[in-house]
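Written out below as structure tokens is the structure these notes cover.
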Amino acid sequence: MYSANEFLTRVNLMKAYKENSRTPILHSKKVAVVGGGNVAMDAARCAKRLGAKEVYIVYRRGENELPARAEEVEHAKEEGIIFKLLTNPTKILEGENGMVRGMTCVEMELGEPDASGRRRPVEKKDSEFTLECDCVIMAIGTSPNPLIKNTTKGLETQKWGGIIADENGLTSREGVYAGGDAVTGAATVILAMGAGKTAAEAIDEYIQKKNAK
């Protein structure tokens with residue numbers, strides 16, 4: 001069982017796809033990715049390319065409510081990702097040696113819109129079933145750790161907790177840079193990596209100016 005961030009980092013940056021990788025990952029046969037955003041699509045497509053025979057996107061709302069971009073959804077379908085929509089996981093099932101053997105899910109139906117404006121998913125009565133899988137990747141939305149803003153004096157944040165930074169990643173604290181979802185909210189891994197490169201250049205320039213004084 002992985003978080004999507006760990007899975008994608010190990011696959012792409014730490015080259016876990018190589019046989020001699022120092023940070024290998026399990027080459028699963030059936031993968032369930034929980035979530036419906038762009039990161040969920042990234043994780044599902046990576047799992048498929050690593051050789052999984054079946055990869056599921058498990059999302060509690062319908063296709064119209066998927067937060068991922070339409071092209072991301074379309075590309076995932078083209079690669080054979082199976083969409084288990086209006087499905088909500090309730091329990092991860094443990095098999096031998098503590099490994100995942102499946103996931104208990106319930107079917108959902110859409111009710112009235114909630115605060116986000118999307119129709120709220122409501123559990124169907126007596127709809128529980130087991131989805132067989134040997135790997136689960138959690139790609140649900142998260143917000144920045146509240147400890148960051150609560151313990152970092154002078155660091156300005158958005159109302160929802162996101163760190164405020166300029167186009168180079170500079171925050172309200174001198175010499176402190178930020179990027180990725182902690183600044184923009186949920187987005188793609190590519191955008192986060194781009195923000196990291198931009199901030200790295202700005203940090204290098206900042207350090208050189210400090211050393212020149």
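Answer with a single label: of (i) 11.8; (ii) 13.3; (iii) 15.1, which was calculated as mean projected area of the Cα convex hull in nm² from the structure in view? Answer by label: (iii). Counting only Cβ charges, +1 for Lys and Arg and -1 for Asp and Glu, the dipole size of the chain around its Cα centre is about 500 debye.
Roughly how many debye, to the nearest 20, is the charge dipole of region 40-99 about its Cα centre, given +1 on each Lys and Arg Cβ, -1 on each Asp and Glu Cβ, and no other charges? The partial results should precede the final answer.
On the way: 10 positive and 11 negative charges, 24 e Å.
So the dipole magnitude of region 40-99 works out to roughly 120 debye.
GNM on the chain, alpha-carbon springs under 10 angstrom: the most fluctuating residue among A199, A139, A43 is A199.
Taking L110, L85, L66 as the candidate residues, the one with maximal mean-square fluctuation in a Gaussian network model of the chain, Cα springs under 10 Å, is L110.
The Cα center of region 167-213 and the Cα center of region 42-119 differ in position by 32 Å. Among the GluC sites (Glu not before Pro) found in region 157-213, those both in a DSSP coil and sparsely packed, with 13 or fewer other Cβ atoms within 10 Å of their Cβ, are E167, E174. Checking every one of the trypsin sites (Lys or Arg not before Pro) in region 2-72 against DSSP loop status and a limit of 14 other Cβ atoms within 10 Å picks out K15, K18, R22, K29, K53, R69. Placing unit charges on each Cβ (+1 for Lys and Arg, -1 for Asp and Glu) gives the chain a dipole about its Cα centre, and among N145, Q208, A195 the Cα reaching farthest toward its positive end belongs to Q208. Each residue of region 151-163 was assigned a 3J(HN,Hα) from its phi angle through the Karplus curve 6.51 cos²θ - 1.76 cosθ + 1.60 (θ = phi - 60°); the sequence is 10, 10, 4, x, 8, 7, 9, 6, 4, 7, x, x, 6 Hz, with glycine and proline shown as x.
How large is the helix-only mean residue ellipticity at 222 nm for the chain, computed as the sum of -39500 (n - 2.57) over DSSP H runs with n ≥ 4, divided by its residue count, in deg cm²/dmol to the nearest 500?
Taken over the chain, the calculation gives -8500 deg cm²/dmol.
Amide H contacts of C135 (H built 1.01 Å from N, in plane; Pro and chain starts excluded): K30, A32 sit under 5 Å, all sequence-distant by 5 or more or on other chains. Note that region 66-83 has calculated 3J(HN,Hα) couplings of 4, x, 5, 5, 4, 5, 5, 5, 5, 5, 5, 4, 4, 8, x, 5, 9, 9 Hz, one per residue in order, obtained from phi through the Karplus relation 6.51 cos²θ - 1.76 cosθ + 1.60 (θ = phi - 60°); glycine and proline are x.
Would you please name the GluC sites (Glu not before Pro) within region 9-79 that are DSSP coil residues with at most 15 other C-beta atoms within 10 Å of their C-beta? Spell out each step's value before the answer.
On the way: sites: E19, E54, E63, E65, E71, E72, E74, E78, E79; in loops: E19, E79.
When the GluC sites (Glu not before Pro) of region 9-79 are filtered for loop state and at most 15 Cβ neighbours within 10 Å, E19, E79 remain.
Give me, ordered by chain and number, the residues 5 or more places off T87 or on other chains with an amide H under 5 Å from its own placed amide H. Placed amide hydrogens put Y59, R60, R61, M108 under 5 Å from T87.
Cross-link partners for K91 among the lysines, with Cα-Cα distance under 19 Å and sequence neighbours closer than 8 places in the same chain left out: K30, K124, K125. Whole-Hz Karplus values for region 50-65 come out as 7, x, 5, 6, 10, 10, 10, 9, 9, 9, 7, 10, x, 5, 5, 9 Hz, taken residue by residue from phi with 6.51 cos²θ - 1.76 cosθ + 1.60 and θ = phi - 60°; glycine and proline positions read x. Across the options A52, G180, T23, the greatest Cα extent toward the positive end of the charge dipole of the chain (unit charges at beta carbon of Lys, Arg, Asp, Glu) belongs to T23.
Measuring with a 1.4 Å probe in the full set of protein chains, what accessible area per residue, in whole Å², belongs to region 1-151? Show your work: numbers first, answer last.
Details: 8840 Å² over 151 residues.
Per-residue accessible area for region 1-151 comes out at 59 Å².
The values are calculated or read from the model by the stated rules, or taken from the named source; none is laboratory data. Note that the coordinates shown come from a computational prediction; the quantities given were computed from them, not determined experimentally. In this analysis, Cβ positions are derived from the backbone assuming ideal geometry, glycine residues included, and neighbour counts consider all displayed protein chains. Note: accessible area is taken over every heavy atom of the protein model, side chains too, but ligands, DNA and RNA are not part of it. Shrake-Rupley method; radii C 1.70, N 1.55, O 1.52, S 1.80 Å.
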